[in-house]
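Notes to accompany the following structure.
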Amino acid sequence: MVEHRSSASPLAHRRRVSARGELFGHPKGLAFLFTTEMWERFSYYGMRALLVLYMTKYLLVSDHAGTVLGLAGIKSALEALFGPLDVQPLSSQIYGFYTALVYLTPIFGGLLADRVLGQRRTVVIGATLMAIGHFMMAVEQLFLLALLALILGNGAFKPNISTQVGGLYAPGDHRRDRAYSIFYVGINVGAFLAPLVCGTLGEKAGWHYGFAAAGVGMLIGLAIYLCALPLLPADELQKAKAAAAPRTRLGRQEWRSIIAILVLFVPVALFWGTYEQQGNTIALWADANTDRTVGLFGSNAEIPTTWFQAFNPFMIFAFTPFVVALWTRQAARGSEPSTITKMSLGCFGVALSYCIMAAAAWHAGEGKASWLWLFAFFVVVTIGELYLSPVGLSLVTKIAPLRMLSMMMGVWLATSFVGGFLAGWLGSFWSRMEKPEFFLLIAAIAAFASAAIFACRWLLRGMLSE
């Protein structure tokens, strides 16, 4: 790939970064971006842990539904597409559209930053919009407007803070992959704490307290980011890099890289459609079909429903060191799986996790299943995620043409956009199907995605230089 990725040498870039200071072998800016993203994800996952439960248990089953601005129109539009929708299917559809749209708007947020506002101002605007949106959730009439503010804020925030992580390192700096791994852990620390804090407040103290806690978390993240500005790469530097790229037609290798990303788009979207059931039908299963009783020191306690949403992010930062160590040992022996193989294994892991849930539903029959089934589900689905999600992010930052980097990252994030719609549509079958059959359907979709990725292995190997 023939591109000018920087107007300065990697050594000069490293000297500029060192002048700003380093912490544990990485630029200090990474620590601030880590904590900013941690608090942003705290706010996102805190609200998400409550969203379906809030709609099915309070907002849509009471007189409050009639006061929500725009809800009648949204319901009519969805019923025109999908037929009559009761409370649960309607809640799943709204959840699916929300989780989908937060991964469509980053395409426009990236373009806005690249061409008009710059990354810093776009991140600040996005964080401010999200904080406003979380506080608006405390007002039932503004429910849909709050979701809109969160969608637009996420679009401005997400692609630009991720790009700034890469901007801390010169092209070819071997620390970049580890930096994204550290950043990914920060995401999941926030996602782990969110259900414990926001979920508990929402279930025990009142829904609005949970949403307000998410807003406070976003404000903390914004304050940290503002403190970090002197340590971050300047927007002018990113513009200079883009201007230095030759304005010529895309080369053959660039087209091969783009094709590789597009080929993977469909099966990765299927992965997210199955994965995102965690905040949808898995939350409903945990609430209505799971025996959440646990014995502690001779007495029984009940695990709050929203706490199950903390299992996955906790396991992410617990399992990541072991997965990375495994890949390191495999690389030393020359047996590390290729990028495509890892991603295929990730989808297969998700398929296995839903087979576990099908077994749980079959074993429980008309009763409730032990919470240990859910624990086993989260162990397997988390390992699957580790084999696909960070691997995919690293893949895009390495192979996408520089002149199209923001756009291609937006395209990759759009796999979650399509997956979110699919998750909502699949969730609408929850009330219509027997639970074992539903989980087997989700497992079959994930297994198909795994096979599709693996079938493309021979084609993509040359494109990815593997």
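Of note:
- Signed unit charges on C-beta, dipole axis of region 324-408, positive-most listed residue A351, S394, A376: S394
- Here the dipole of the chain is about 1940 debye; that uses its Cα centre as origin and unit charges on the Cβ of Lys and Arg (positive) and Asp and Glu (negative).
- Taking one quarter of the surface of the convex hull spanned by the alpha-carbon atoms of the chain gives a direction-averaged projected area of 23.1 nm².
- Alpha-carbon centroid distance for the pair region 110-141 / region 40-79, whole angstrom: 21 Å
- Counting only alpha carbon atoms, the long axis of helix 435-455 and the longest principal axis of the chain meet at about 20°.
- For region 362-430: rounded, prolate or oblate by the Cα gyration tensor [a/c cutoff 1.5]: oblate
- Packing-based ranking of 60-67, 299-306 yields 299-306, 60-67, ordered from highest to lowest mean Cβ neighbour count within 10 Å.
- Given charges at Cβ of Lys, Arg, Asp, Glu: the chain dipole, positive-most of F42, A138, L413: L413
- Protection proxy ranking of 119-126, 225-232, 254-261, 37-44 - average other beta-carbon atoms within 10 Å, highest first: 37-44, 119-126, 254-261, 225-232
- Computed from phi, the 3J(HN,Hα) profile of region 183-197 under the Karplus parametrisation 6.51, -1.76, 1.60 (θ = phi - 60°) reads 4, 5, 5, x, 4, 7, 5, x, 5, 6, 6, 4, x, 5, 8 Hz, with x in place of Gly and Pro.
- Taken per residue, the accessible surface of the chain reaches 41 Å², heavy atoms only and a 1.4 Å probe.
- Span per principal axis, largest first, for the Cα atoms of region 64-207 (Å): 55, 37, 26
- Under 5 Å from the amide H of D291 lie the amide H atoms of A369, S370, W371, each residue being 5 or more positions distant or on a separate chain, with H modelled from the backbone and absent for Pro and chain starts.
- Of K57/K435; K28/K342; K158/K398; K158/K435; K204/K368; K158/K342, those spanning more than 29 Å from alpha-carbon to alpha-carbon: K28/K342; K158/K435
- Peptide ranges 347-355, 101-109, 79-87, 141-149 listed from the most packed, as the mean C-beta count within 10 angstrom indicates: 347-355, 101-109, 141-149, 79-87
- Between helix 252-275 and the chain there is an angle of about 20 degrees, using the helix long axis and the longest principal axis of the Cα atoms.
- When nucleic acids and ligands are ignored and a 1.4 Å probe is applied, F34 ends up with an accessible area of around 50 Å².
- DSSP finds beta bridges in the chain, and of those with both partners inside it, around 75 percent are antiparallel.
- Solvent-accessible area of the chain (1.4 angstrom probe, protein heavy atoms only): carbon and sulfur portion equals 67 percent.
- Nearest 10 degrees, 0 to 90: helix 10-20 Cα axis against the chain principal axis: 60 degrees
The values are calculated or read from the model by the stated rules, or taken from the named source; none is laboratory data. None of these values were measured; they are calculated from a predicted model. No Cβ is skipped: glycine too gets one built from the backbone with ideal geometry, and neighbour counts run over all protein chains shown. Note: areas computed on protein heavy atoms with side chains; ligands, DNA, RNA excluded. Shrake-Rupley method; radii C 1.70, N 1.55, O 1.52, S 1.80 Å.
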